[in-house]
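Visitor: Got a structure for you, written out below as structure tokens; questions coming shortly.
The values are calculated or read from the model by the stated rules, or taken from the named source; none is laboratory data. Everything numeric here is computed off the predicted structure, so don't read it as measured data. Methodologically, a virtual Cβ is constructed for each residue, glycine included, from the backbone with ideal geometry; neighbour enumeration extends over all protein chains shown. Just so you know, the surface numbers come from the protein's heavy atoms only, side chains and all, with ligands and any DNA or RNA stripped out. Shrake-Rupley method; radii C 1.70, N 1.55, O 1.52, S 1.80 Å.
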Amino acid sequence: PARPASPLSDGLLATIDRVVEPGSIVYSTPEVSYRLAAVAPVYVCVVAPGHVADTGKNRPRERVESFRRFVKTADLAIPRACGADWLIHDKRRFPQLGDKLNELPVAYRDERWTLYRL
């Protein structure tokens, strides 16, 4: 069966290819992180527990809980704690974060996605 199309825009992916260095750490939703890790040579902070080994270093459940706290608080210490260099914001799913992230430099923005430099 065919895979569903990725929700990640071509513009976002092109910008990631152009400006995000290989090996950089990206912070986003578990779903976005899973898709991004499949197409870009980056590390991700948050992945659904079923898609990563449950080790002391990975701590997938803890990282998903941290992501939930981030969505509620927009506390940038949370993505920074995992070493994130970049943050991808899904404005459709988490519009409440938009105003709280304004202090960050924007590398890319479209109707759904914003890529911020941390």
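Visitor: Filter segment 29-48 for residues that are surrounded by 12 or more Cβ atoms within 10 Å (Cβ to Cβ) and either at pLDDT below 85 or among the hydrophobic types (A, V, I, L, M, F, W, C) (or both) and give the result.
Guide: Pass one, segment 29-48, residues surrounded by 12 or more Cβ atoms within 10 Å (Cβ to Cβ): 29-37, 39-48.
Correct list: Val32, Leu36, Ala37, Val39, Ala40, Val42, Val44, Cys45, Val46, Val47, Ala48.
Rundown of residues vs (1) modelled with pLDDT under 90; (2) not acidic (Asp, Glu), yes/no style:
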site: Pro4; (1), (2): yes, yes
site: Leu12; (1), (2): no, yes
site: Pro22; (1), (2): no, yes
site: Tyr27; (1), (2): no, yes
site: Gly50; (1), (2): yes, yes
site: Lys57; (1), (2): yes, yes
site: Val64; (1), (2): yes, yes
site: Arg80; (1), (2): no, yes
site: Asp85; (1), (2): no, no
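Visitor: Another one. Mind listing whichever residues of segment 10-33 are more than 18 Å from Lys91 (Cα to Cα), under 12 Å from the mean Cα position of the chain (by Cα) and either in a helix (DSSP H, G or I) or among the β-branched types (Val, Ile, Thr) (or both)?
Guide: Just the residues of segment 10-33 that are more than 18 Å from Lys91 (Cα to Cα), to begin with: 14, 17-25.
Applying the additional criterion that residues be under 12 Å from the mean Cα position of the chain (by Cα) yields 24-25.
Correct list: Ile25 only.
Visitor: Under 9 Å between Cβ atoms, at least 6 apart or on separate chains: pull out the pairs that start in segment 76-93 with a residue that is over 17 Å from Leu36 (Cβ atoms) and end on any residue that is open to solvent by 30 Å² or more (accessible area, probe 1.4 Å) and of a type in the set (Asp, Glu).
Guide: Leu76/Glu103
Visitor: How many residues are of a type in the set (S, T, N, Q) and under 14 Å from the mean Cα position of the chain (by Cα) when one looks only at segment 97-118? Before the answer, list the steps.
Guide: If we filter segment 97-118 for residues that are of a type in the set (S, T, N, Q), which is where we start, we get 102, 114.
With the extra rule that they be under 14 Å from the mean Cα position of the chain (by Cα), the set shrinks to 114.
Adding up the residues that qualify gives 1.
Visitor: Identify all residues within segment 83-92 that are out of contact with any helix residue (DSSP H, G or I) (no Cβ under 7 Å at 6 or more places or on another chain) and surrounded by 13 or more Cβ atoms within 10 Å (Cβ to Cβ); write none if there are none. I'd like the intermediate steps shown before the answer.
Guide: Let us first name the residues in segment 83-92 that are out of contact with any helix residue (DSSP H, G or I) (no Cβ under 7 Å at 6 or more places or on another chain), namely 83-86, 92.
Hits for segment 83-92 are Ala84, Asp85, Trp86.
Visitor: Among the residues of segment 93-110, count how many are exposed (fewer than 13 other Cβ atoms within 10 Å of the Cβ) and either among the polar types (S, T, N, Q) or modelled with pLDDT of 95 or more (or both).
Guide: Filtering segment 93-110 for residues exposed (fewer than 13 other Cβ atoms within 10 Å of the Cβ) gives 95-96, 98-99, 102-103, 105-106.
Still in the list and also either among the polar types (S, T, N, Q) or modelled with pLDDT of 95 or more (or both): 96, 102, 105-106.
The number of residues fulfilling the criteria is 4.
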